Amino acid sequence: MINQRRTNASHTCRGAIDAQRCSAHGEPERRGDAGFSLIELIVGLGIFTILMMIVTAISVSALGGISEARQRSELQAEAQNAMEAISRLLKYADVPAGRSAAIENASSSELTVYTYSGTGQTADVPYRARIFVEAGADDSTVVVSEVTEPTRVGSEWSWAGTGFTRQLLSLPASLGDEPLSITYWACDPKACEPSEVTPTGSGPVLDPDSDRVLAYLVVAIGDPNLPEAQVRQTIELVNLR
C-alpha cells in the first residue's frame, strides 16, 4: 500500500516537473509569491524619478514659453499704443507762421514737430511736440512726448514754458539700442520718388531753400532685443506734400 502511494506521488511529480519543483517526499512543491525584491524596488523608484524629472522639465518649459509669449504680447500692445500717439502727432505736421520747417532738431531717435493734430484743448493751433528717449527714474528707458500749446504773439506763434509730458513706452535699461528709431524720407513734390535724408540733429531736416519736401517718416518703436514685439509704421506727412 505504501509503495502504491509513492508510485502515485512519483507520477504526480513527473507530470508537474516542467512547471514545479518536487519536495523531498516526492510531492509537488509550489512557489509562493515572494513580492518585489529590493533591487527591483530600487530600479522601479529610479525609473519613476527619471520620469517625474522629465515631466517636470516639460512643464517648466511649457510655462516658460507661455510666460514669454505673454510678455511679448504685452510689450507689443504697449508699443502699438505708443505708435498711435506718435502717428497722431506726426501726421498733421505743418510749418507754422514764424518758423521755417515743420520738423526740427531731428535725429534717429528724437525730433521736434509742429503739429495741428489737436492734441490739446485748443483747436487749429500749431502745438510743438518733442518726442525723445530718456532714462527713467526706476532704471528704465522711456520714450516720452512733450507737447506745448502755443500763444499768439503778433502774427507769429510762441511756445513758452513747460509742455505736457507723457510717457509713451517704458523698457528695461539694458537694451543696447534705442527703443525708438526714425528715418526721414523726402522727395520733389512734382515727381515724388522718395529718398532717405540724414538729419543733422539740429535745425530743420531739409534746407529751407531745398526743392524737396518731407514725404513721410518710418518709425519703429519697441524693445530692440525682441524684433517680433516691435511696431513699425510709415507715417505720411499729409500737410507737407
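Bear in mind these aren't lab numbers, they're just calculated from the coordinates by the rules spelled out. Treat the numbers as computed from the prediction; the structure is a model and nothing was measured. All Cβ positions, even for glycine, are placed from backbone atoms using ideal geometry, and neighbour counts span all protein chains on display.
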Take the Cα gyration tensor of region 79-236, multiply each eigenvalue by 5, square-root it, and list the three semi-axes largest first, rounded to whole angstrom. 26, 21, 13
Between Ser202 and Val218, what length in nm is gained on full extension when 0.36 nm per residue of separation is reduced by their alpha carbon distance? 3.8 nm
Taking 0.36 nm per residue of separation between Asn81 and Val43 and subtracting their Cα-Cα distance, the length gained on full extension comes to 7.9 nm
Please give the contour-minus-distance gain from Lys190 to Asp139: 0.36 nm per residue of separation, less the Cα-Cα distance, rounded to one decimal in nm. 13.5 nm
With labels modelled as points extended 7 Å from the Cα through the Cβ direction, what inter-label distance (nm, one decimal) is found for Asn239 paired with Ile58? 6.0 nm
Net charge near Thr165, counting Lys/Arg +1 and Asp/Glu -1 over other residues with Cβ under 11 Å of its Cβ? 0
What's the local net charge at Pro204, with K and R +1, D and E -1, over the other residues with C-beta under 13 Å away? -1
How charged is the neighbourhood of Val144? Take every other residue with its Cβ under 13 Å from the Cβ of Val144, and add Lys/Arg as +1 and Asp/Glu as -1. -2
